[in-house]
1. What angle do you read, to the nearest 10 degrees and between 0 and 90, between the alpha-carbon axis of helix 24-43 and the longest principal axis of the chain?
2. Okay, helix-only estimate at 222 nm for the chain: each DSSP H run of n ≥ 4 adds -39500 (n - 2.57), divide by all residues, round to 500 deg cm²/dmol; what do you get?
3. Taking the chain as the reference, fit the longest principal axis to its C-alpha atoms, fit the long axis of helix 101-117 to the helix C-alpha atoms, and give the angle between the two in degrees, 0 to 90, nearest 10.
4. Choose one answer from 117, 45, 25: the residue with the largest mean-square fluctuation in a GNM of the chain with alpha-carbon springs under 10 Å.
5. Given axes a ≥ b ≥ c from the Cα gyration tensor, I'd like to know whether segment 115-154 is rounded (a/c under 1.5), prolate (a/b larger than b/c) or oblate.
6. Apply 1/(1 + (r/R0)^6) to the Cβ-Cβ distance of residue 141 and residue 117, taking R0 = 25 Å, and write down the FRET efficiency to the nearest 0.05.
7. How much of the calculated P(r) for segment 32-71 lies past 12 Å, in percent of all Cα pairs?
8. Using only the alpha-carbon atoms, how far is helix 52-74 inclined from the longest principal axis of the chain? Give it as 0 to 90 degrees, nearest 10.
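Throughout, read-outs are computed from the coordinates displayed, never taken from laboratory work. Source: prediction; values computed, not measured. Using ideal geometry, Cβ is built from the backbone for each residue, glycine included, and neighbour counts are taken over all protein chains shown.
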C-alpha cells in the first residue's frame, strides 16, 4: 500500500511518511536520544536532583507520542496518508503496544551523548542502559511475534 502510490503524493506528505520508515526513523531517534540529556543539562539547575532526568525523559517520550497525534489533526493530509498511518499504528498495537523498539534508538543516541560529552553520570548511564536493553528486548519480541504471525498466515 505504501510504495505503489506514495510517489504520487505531494513532497511534504512523502517526507512525513519517510520520517517513520527505517532507516530515517532510527536516525532521528538517535538524534533525539543524543539531544535529550544535553537539553536536560542545559535547562536544569545545579539544585535539581539527577533523578529529575527520568521525569524529563518520560515527559519527552510523552511529547514525542503526543506531537504526531496533534500534527495529524491540525494539518490536512490525504486519505491515503491517513490510511498508511492507521495501518502503521495497528501494526504497532498488534506487535509492540508500548513501542519498546523505539527505545533502542534513543539509547544509542544517549550513549553517543555520554561518550562525546564524557558525562558518566550514574543516572544518565543507567537510563541509557535501560533504553538499549529494553529496546533490544523490544526488537527481539517484535521479530519473534511478526515471524510467528507470518508462519501462522502461510
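1. 30 degrees
2. About -26500 deg cm²/dmol.
3. 40 degrees
4. Looking only at 117, 45, 25, the biggest GNM fluctuation is shown by 45.
5. Prolate, because a/c is 1.5 or more and a/b exceeds b/c.
6. Efficiency, from the Cβ-Cβ distance: 0.20.
7. I get 60 percent for the Cα pairs in segment 32-71 exceeding 12 Å.
8. Here the helix axis deviates by roughly 30 degrees.
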